[in-house]
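Below: the structure, in structure tokens.
The values are calculated or read from the model by the stated rules, or taken from the named source; none is laboratory data. Just so it is clear, the structure is predicted and the values come from calculations on it, not from any experiment. We place every Cβ from the backbone using ideal geometry, glycine too, and count neighbours over all the protein chains shown. With ligands, DNA and RNA removed, areas are computed over all heavy atoms of the protein, side chains included. Shrake-Rupley method; radii C 1.70, N 1.55, O 1.52, S 1.80 Å.
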Amino acid sequence: MTTDWIAEDQRIARGRRFDELISPPAIPVASPPPLSEAEICEAEAELGIAIPDQYREYLLRHSAGGAVNRLCRSAAGWGWHGDSSTNYDLLTTDFPHPDSYRAYEDELDAREPLTQDFPDHNAYQAAWEQWDAEYGVFQEHKTSGAVFIQDNGCGFSTLLVVTGPHRGSLWFDGRATCDQILPLNLHGQPVTFMDWLAHRSMDLVRW
């Protein structure tokens with residue numbers, strides 16, 4: 001069965017994102033207060049995830065925001081204020097390690113339609129639109145099961161994995177320049193959430 005990638009790309013693009021929700025009232029403090037256990041449980045139930053342990057401790061004991069995008073409840077539900085990239089429809093899908101899709105990415109790149117391979121422009125345009133939609137779906141799935149927890153500027157972001165075997169790990173979305181999602185490490189080991197807070201993501205990436 002042939003996949004209609006344009007329809008699939010449109011379906012994923014309609015996924016729930018926080019910029020579509022009603023933002024909560026502004027709180028005139030640098031770091032919003034911590035959340036209660038009941039609030040965190042409510043957020044987990046609504047989002048369909050289990051918040052990683054160290055991030056959970058941070059939410060309970062330190063702040064609901066601060067150095068990271070703020071987890072809060074609006075009139076439309078729970079989400080991370082300041083983040084418009086996380087697709088909530090994909091939060092319950094396991095985060096894929098980049099090694100798991102490297103071969104598919106190479107194969108997808110290799111079959112990008114070229115004008116000389118088609119008899120006319122219309123045939124080329126139709127093929128390219130299907131390929132481009134498949135590429136868009138693929139890129140969206142690269143961050144399944146992860147939250148864009150911090151905006152690092154220039155199109156870069158830090159991801160916190162909330163679903164799957166890599167839950168609790170932190171990654172750097174460097175696709176703006178290197179087209180890669182890279183693990184964050186400290187002294188050769190995966191960085192913990194609390195250790196990460198004391199560093200810049202850029203300093204924890206091995207390019």
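Considering every residue within the range 169-183, establish whether at least one is touching a helix residue (DSSP H, G or I) at 6+ places or on another chain (Cβ under 6 Å), β-branched (Val, Ile, Thr), crowded, with 18+ Cβ neighbours inside 10 Å and not in a helix (DSSP H, G or I). Looking for residues that are touching a helix residue (DSSP H, G or I) at 6+ places or on another chain (Cβ under 6 Å), β-branched (Val, Ile, Thr), crowded, with 18+ Cβ neighbours inside 10 Å and not in a helix (DSSP H, G or I), one finds at least one in the range 169-183, hence yes. In the range 175-196, the residues that are more than 11 Å from THR158 (Cα to Cα) reach residues that are surrounded by fewer than 16 Cβ atoms within 10 Å (Cβ to Cβ) and among the hydrophobic types (A, V, I, L, M, F, W, C) with C-beta atoms within less than 9 angstrom, at least six apart or across chains, in these pairs: ALA176/CYS154; THR177/CYS154; CYS178/TRP207; GLN180/TRP207; THR192/LEU186; ASP195/LEU186.
Within the range 58-74, being surrounded by fewer than 18 Cβ atoms within 10 Å (Cβ to Cβ) and assigned to a helix (DSSP H, G or I) holds for LEU60, ARG61. Listed conditions (1) farther than 28 Å from THR163 by Cβ; (2) open to solvent by less than 20 Å² (accessible area, probe 1.4 Å) are all met by THR115, apart from (2).
For the range 125-135, does any single residue satisfy the condition of being free of Cβ contacts under 8 Å to residues at least 12 places away in the same chain, over 28 Å from ARG17 (Cβ atoms) and of a type outside the set (Ser, Thr, Tyr)? Yes: the range 125-135 contains one or more residues that are free of Cβ contacts under 8 Å to residues at least 12 places away in the same chain, over 28 Å from ARG17 (Cβ atoms) and of a type outside the set (Ser, Thr, Tyr). With respect to the conditions (1) open to solvent by less than 60 Å² (accessible area, probe 1.4 Å); (2) assigned to a helix (DSSP H, G or I); (3) in contact with a helix residue (DSSP H, G or I) (Cβ under 9 Å, 6 or more places away or on another chain), SER144 falls short on a single one, namely (2).
Candidates GLU129, GLU112: the one that is part of a loop (DSSP other than H, G, I, E, B) and touching a helix residue (DSSP H, G or I) at 6+ places or on another chain (Cβ under 7 Å) is GLU112. Scanning the range 75-99 for residues that are part of a helix (DSSP H, G or I) and either over 18 Å from the mean Cα position of the chain (by Cα) or touching a residue at least 24 places away in the same chain (Cβ under 8 Å) (or both), we see that the one that is nearest to THR143 (Cα to Cα) is LEU90.
Can you say whether PRO165 is out of contact with any helix residue (DSSP H, G or I) (no Cβ under 7 Å at 6 or more places or on another chain), part of a loop (DSSP other than H, G, I, E, B) and over 25 Å from ASP9 (Cβ atoms), as far as the supplied structure shows? Answer is yes for this residue. The numbered conditions (1) touching a strand residue (DSSP E or B) at 6+ places or on another chain (Cβ under 9 Å); (2) open to solvent by less than 20 Å² (accessible area, probe 1.4 Å); (3) of a type outside the set (Lys, Arg) are all true for GLU134 except (1).
Tally up the residues in the range 186-207 that are touching a Leu at 6+ places or on another chain (Cβ under 9 Å) and surrounded by 14 or more Cβ atoms within 10 Å (Cβ to Cβ), please. Summing the residues that are touching a Leu at 6+ places or on another chain (Cβ under 9 Å) and surrounded by 14 or more Cβ atoms within 10 Å (Cβ to Cβ) in the range 186-207 gives 10.
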